[in-house]
Structures are given as structure tokens and as C-alpha cells.
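Peer 1: This is the structure, below, for whatever I ask next.
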Amino acid sequence: NAGVTQTPKFQVLKTGQSMTLQCAQDMNHNSMYWYRQDPGMGLRLIYYSASEGTTDKGEVPNGYNVSRLNKREFSLRLESAAPSQTSVYFCASSRGQDHPTDYGYTFGSGTRLTVV
Amino acid sequence: SQQGEEDPQALSIQEGENATMNCSYKTSINNLQWYRQNSGRGLVHLILIRSNEREKHSGRLRVTLDTSKKSSSLLITASRAADTASYFCATALTSGSRLTFGEGTQLTVNP
């Protein structure tokens, strides 16, 4: 089992450029999440999707959009990158749908994004 | 603000010693989870303790939960150099569908 796969692993963008971070899980999980991790701030939730076809904002959604393409894939898009979006981005999944936090999350290995 | 806060922020011990990390939170929870993150990697789920449980074990890990004090502790016994990592607590609120993570404790186990 690959678990949660994120691509790319590293990316450098110029301010104003756009990009999509890809995430796919092969565990038939219902819920998927995007977090960002910054030094001294822990992990902050950007968006989540409790099931295919639904998405909801998390703690820090501004500047991001998401798509739950199907049950396996949940992508995060930066339309116009800003230096404040320099961070490490993690995708995670959980098998629960109505109560996803009743289970542990499975995380990908992260995308390290630098916006210059 | 973060729901969970770990203490200490950093901990350095010798191999073979026990390591204790604490997590405090602010509001009622459904469960509390602990995760480990090795440098440059994603988080790995270690253990989940529900609000009606007081203690849970998994191998060399022991987690306690005191809902009256709104706190939890993670004990790693007989630590190894491979335990060097950041450890995060995450809380699941009584109602809600997301985990809220603390800022983590950086554990260094010296050989």
C-alpha cells in the first residue's frame, strides 16, 4: 500500500504564479485534508473534504482552492502565489465519513513550497 | 488559537531514559491523538485515546488523559535514538470533523 501520495515533493514559485498540489490515497478513505505546517505554528487546516463531492473551509483557506476529483484524489490550488504561502503542505486522509476524527489520520510526506 | 499545546517545546535525553511530553487543551474533546514526525517526513499516527478512557498503552508508549485538567501525557519508555522526532498532540472536538494540532515537542534522544 502506498498510503497517501503527494506530488510534487518540492516546488519553487515566483510571486503571482499558480500551481496545483496533488494528493491521492489508495486506502478507500472517505475524508481528506490539506494542512500547512509553519515553524512555531504547528499544523493548520486549510480545507477538508468529508466525502466525494463535498469540501469545506478550514482555519486558513484564503488564497487556496480545492477539488475533490473523486474518492481517491484531493487537490490544492494556489491561484496567485504569495511569499506568505511558503510552507510545507501535507495531505491527510481518514476512513471515517460522518465521524472522521474517530480514526487516526494517514499523512503524505509533504510538499515543500517556496514562493519568491 | 491552537486547541492543544505541548510542553516542553524541546526535550533532550539519553538513550534508555524515559521521555514524558504533555499536552493541554481548552475545550471538551471527543478524543485526543498523538502523532510522531521524523525530520522531513509526514506525521505518523501513534495512539488515540477517547474521552472516557484514562490510560492507553501501545508498545513502549503510554498515554494518559485527565479530562478534569484538560491534559494528556505521552510517556516513551526506554527511549532509543530512533525515537528522535517531533511529537504532536491533536484534539477532536465533541462535535466537528477535523483535528486541531498543537505545535509539537521536539524530542532528541542522544546515543
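The values are calculated or read from the model by the stated rules, or taken from the named source; none is laboratory data. Not measured: the values here are computed from a predicted model. Note: ideal-geometry Cβ built from the backbone for every residue, glycine included; neighbour counts use all protein chains shown. To get the accessible areas, we keep the full protein, side chains included, count just its heavy atoms, and leave off ligands, DNA and RNA. Shrake-Rupley method; radii C 1.70, N 1.55, O 1.52, S 1.80 Å.
Peer 1: Which is within 11 Å of the chain's Cα centre (by Cα), more than 14 Å from chain A (Cβ to nearest Cβ) and either under 30 Å from A:Thr5 (Cα atoms) or at pLDDT 95 or above (or both), of B:Ser79, B:Ser72?
Peer 2: Selected residue: B:Ser72, the only one of B:Ser79, B:Ser72 that is within 11 Å of the chain's Cα centre (by Cα), more than 14 Å from chain A (Cβ to nearest Cβ) and either under 30 Å from A:Thr5 (Cα atoms) or at pLDDT 95 or above (or both).
Peer 1: Which residues, counting only those in region B:45-87, are under 20 Å from B:Leu107 (Cβ atoms), touching a strand residue (DSSP E or B) at 6+ places or on another chain (Cβ under 9 Å) and in a loop (DSSP other than H, G, I, E, B)?
Peer 2: B:Arg60, B:Thr77, B:Ser79, B:Arg80, B:Thr84 - these are the residues of region B:45-87 that are under 20 Å from B:Leu107 (Cβ atoms), touching a strand residue (DSSP E or B) at 6+ places or on another chain (Cβ under 9 Å) and in a loop (DSSP other than H, G, I, E, B).
Peer 1: Right, something else. Quick check on this structure: which one of B:Leu107, B:Leu99 is in contact with a helix residue (DSSP H, G or I) (Cβ under 7 Å, 6 or more places away or on another chain), open to solvent by less than 50 Å² (accessible area, probe 1.4 Å) and closer than 18 Å to B:Gly40 by Cα?
Peer 2: None of the others qualify; the one that does is B:Leu107.
Peer 1: Pick from A:Met27, A:Met41: which is of a type outside the set (Val, Ile, Thr) and in contact (Cβ under 8 Å) with a residue 12 or more places away in the chain?
Peer 2: Going through A:Met27, A:Met41 in turn, the sole match is A:Met27.
Peer 1: Identify, by number, the condition in (1) without any contact (Cβ under 8 Å) to a residue 60 or more places away in the chain; (2) closer than 29 Å to B:Glu6 by Cα that A:Ser67 doesn't meet.
Peer 2: (2)
Peer 1: Which of the residues that make up region A:62-116 are acidic (Asp, Glu), more than 8 Å from every other protein chain (Cβ to nearest Cβ) and farther than 15 Å from A:Tyr48 by Cα?
Peer 2: A:Glu79, the sole residue that qualifies.
Peer 1: Might you let me know whether region B:98-107 holds any residue that is touching an Asp or Glu at 6+ places or on another chain (Cβ under 6 Å), closer than 23 Å to A:Ser31 by Cα and within 14 Å of chain A (Cβ to nearest Cβ)?
Peer 2: Checking region B:98-107: at least one residue is touching an Asp or Glu at 6+ places or on another chain (Cβ under 6 Å), closer than 23 Å to A:Ser31 by Cα and within 14 Å of chain A (Cβ to nearest Cβ).
Peer 1: Out of the residues in region B:31-61 that are open to solvent by 60 Å² or more (accessible area, probe 1.4 Å) and at the interface with another protein chain (Cβ under 8 Å from one of its Cβ atoms), state the one that is farthest from B:Ala90 (Cα to Cα).
Peer 2: If we take residues in region B:31-61 being open to solvent by 60 Å² or more (accessible area, probe 1.4 Å) and at the interface with another protein chain (Cβ under 8 Å from one of its Cβ atoms), then B:Arg41 is farthest from B:Ala90 (Cα to Cα).
Peer 1: Does any residue of region B:84-94 turn out to be within 10 Å of the chain's Cα centre (by Cα) and away from chain A (no Cβ under 11 Å)?
Peer 2: Yes, there is a match, as at least one residue in region B:84-94 is within 10 Å of the chain's Cα centre (by Cα) and away from chain A (no Cβ under 11 Å).
Peer 1: Separate question: Is it the case, given these coordinates, that B:Ser73 is touching a Cys at 6+ places or on another chain (Cβ under 9 Å), open to solvent by less than 50 Å² (accessible area, probe 1.4 Å) and farther than 26 Å from A:Ser93 by Cβ?
Peer 2: So B:Ser73 fits the description; yes.
Peer 1: Just the residues that are of a type in the set (Val, Ile, Thr) and either touching a helix residue (DSSP H, G or I) at 6+ places or on another chain (Cβ under 8 Å) or open to solvent by less than 70 Å² (accessible area, probe 1.4 Å) (or both), please, taken from region A:8-45.
Peer 2: Correct list: A:Thr15, A:Thr20.
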